[in-house]
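Following: one structure in structure tokens, then a few remarks.
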Amino acid sequence: MISREPTLERLAIAQDLLLQPNGLNESHLARALATIGEHRIDDADLYFQFTRHEGWSLEEGIVKSGSFSIDQGVGVRAVAGEKTAFAYSDDISEAALLEAARTVRTIAAAGQSRRVKVGSGKPVVSGSRLLYGTTDPIGTLDSTAKVALLERMEKMARAKDPRIAQVMAGVAAEYDVVMVARADGTRAADVRPLVRLSVTVIAEHNGRREVGSGGGGGRYPLGYFTDERLAEYVEHATRAALTNLESRPAPAGEMTVVLGPGWPGILLHEAIGHGLEGDFNRKGSSAFSGRIGQRVAAKGVTVLDDGTLPDRRGSLNVDDEGQASQRTVLIEDGILRGYIQDSMNARLMKVRPTGNGRRESYAHVPMPRMTNTYMLAGDKAPEEIVRSIKKGLYATNFGGGQVDITSGKFVFSASEAFWVENGQIQYPVKGATIIGNGPDALTRVKMIGNDLELDTGVGTCGKEGQSVPVGVGQPTLRIDGLTVGGTA
């Protein structure tokens, strides 16, 4: 059997799914781009997308909901300077494509920056890469098997402890095919499978109720969710809920905080990662603006954004502008080395794009967004880091949080945390919020663990009303002098 080169294979899939059924070919793409280019522009692209999504949820032992949807459309964009003209249509046809192109041309000519919905050169293929398969995960298990998957997970959770009073589980699968045609002749496509499994448990004892959650996924078929993996998710969820049943009010004040590995990297993502995105730095609104080459973190702190990790939730063969994703060093041994860039902000800042132009769908404009953002490991054993705490907090899991990009200030709630004295874990605590400043917190890192972990594949990042899948990660970290808001 002779197989096609991965990039050509993805282009063929996209053309078969997005262009040919709608009577479109390369000449139509070229005509639309030429129409946009009748007025002076710096860049233009067409973004075609087809998405199929299915989800099932189970509660109290029965299927509470099931959903299936198909969406497709095209987004048309022109960029002149820092102004963007954008139109989109859920009708993929020659007429709709040209109407969108003419609309964008008119907006661009008027020097406006708007987003509008319209009615229902020689091509150069983007570089090759194969980070994940092209199989539609929705079809890798039938409906009966998907429900059985959720039922198995519920039984596992209830068998853990008689205090487990309620179990909720959900599975989702998505098949996303995108194609990008750029004014410079670039043609790129990606076929993006994505699955996610989640479990939430409620434990109850003596009138007290606590919640724990677990789950994961990535760019896999649904066969990824083996019984061993289900058991890991269930263990994580039930342990958190049962631990919190024993929790006490969290102390408050300035103290040493140790963050566990893996998902606690969400604090790194929010408090630091967003501040390193190119649009905020080009506009001078980030706490990291103008600081390339300067020390912004303690020695040993190296932070990467890497869209090239195989099968990861945040990974992309190409971004939503047709650029190959890459491994970008943001902070190296405490020194700021670069920002996360899409094509427009990279051009205006006179640097190269980093393959981080992302959009939620064809109805949205791209912007610089993270992929998988994580800190590299150090040389300390995690047990040694915990033993080093005289009095402080050991936070192993996080819930929600907020950050102010301009000031760098953040507030995060710890969903699972422990009070530590003289290097010994004393008891679990509840209600701890960690308050600090991203750039300042980086300088307060005192110990870095040798246990780098990436999250299990559950992250979704929001920015300016758009959501995209991402990954986070870090080793165990000791940070001194953070403020903890508690309930004690």
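Listed by first and then second residue, the pairs with beta-carbon distance under 9 Å, at least 6 apart or on different chains, first residue in the range 384-412 and closer than 14 Å to residue 436 by Cβ, second among the aromatic types (Phe, Trp, Tyr) and open to solvent by 30 Å² or more (accessible area, probe 1.4 Å), are 393/418; 395/418; 398/263. Only residues that are open to solvent by 30 Å² or more (accessible area, probe 1.4 Å) and more than 26 Å from residue 452 (Cβ to Cβ) were counted in the range 259-288, giving 5.
Only one residue in 235, 228, 270 is within 28 Å of residue 362 (Cα to Cα) and not in a strand (DSSP E or B). Which one? Sole residue among the options that is within 28 Å of residue 362 (Cα to Cα) and not in a strand (DSSP E or B): 270.
If I filter the range 137-152 for residues that are closer than 21 Å to residue 468 by Cα, at pLDDT 95 or above and not in a strand (DSSP E or B), do I get at least one hit?
Our first condition is that a residue be closer than 21 Å to residue 468 by Cα; within the range 137-152, this holds for 137-138.
With the extra rule that they be at pLDDT 95 or above, the set shrinks to 137-138.
With the extra rule that they be not in a strand (DSSP E or B), the set shrinks to 137-138.
Within the range 137-152 (the criterion being closer than 21 Å to residue 468 by Cα, at pLDDT 95 or above and not in a strand (DSSP E or B)), the answer is yes, since at least one residue qualifies.
What do you reckon, is residue 211 surrounded by fewer than 22 Cβ atoms within 10 Å (Cβ to Cβ), in a strand (DSSP E or B) and under 25 Å from the mean Cα position of the chain (by Cα)? Against the criterion (surrounded by fewer than 22 Cβ atoms within 10 Å (Cβ to Cβ), in a strand (DSSP E or B) and under 25 Å from the mean Cα position of the chain (by Cα)), residue 211 qualifies. Cβ separations smaller than 6 Å between residues 6+ apart or across chains give the following pairs from the range 331-346 residues that are open to solvent by 10 Å² or more (accessible area, probe 1.4 Å) to residues that are acidic (Asp, Glu): 343/321.
Whether a residue is out of contact with any helix residue (DSSP H, G or I) (no Cβ under 9 Å at 6 or more places or on another chain), modelled with pLDDT of 95 or more and within 25 Å of residue 309 (Cα to Cα) was assessed, and residue 393 does not pass this test. Within the range 430-440, the set of residues being out of contact with any helix residue (DSSP H, G or I) (no Cβ under 6 Å at 6 or more places or on another chain), under 10 Å from residue 410 (Cα atoms) and small (Gly, Ala, Ser) comprises just one member, 436.
Residues in the range 234-253 that are of a type in the set (A, V, I, L, M) and over 19 Å from residue 166 (Cβ atoms): 250, 252.
Counting only strands (runs of 3 or more DSSP E) that sit wholly inside the range 417-488, those with at least 1 residues that are modelled with pLDDT under 95 and open to solvent by 10 Å² or more (accessible area, probe 1.4 Å) are 424-430, 433-437, 460-463, 477-485.
The values are calculated or read from the model by the stated rules, or taken from the named source; none is laboratory data. Because the structure is a prediction, the values reported are computed rather than measured. Here Cβ is always computed from backbone atoms with ideal geometry, including for glycine, and neighbour counts include all displayed protein chains. Accessible surface areas use protein heavy atoms only, side chains included; no ligands, DNA or RNA. Shrake-Rupley method; radii C 1.70, N 1.55, O 1.52, S 1.80 Å.
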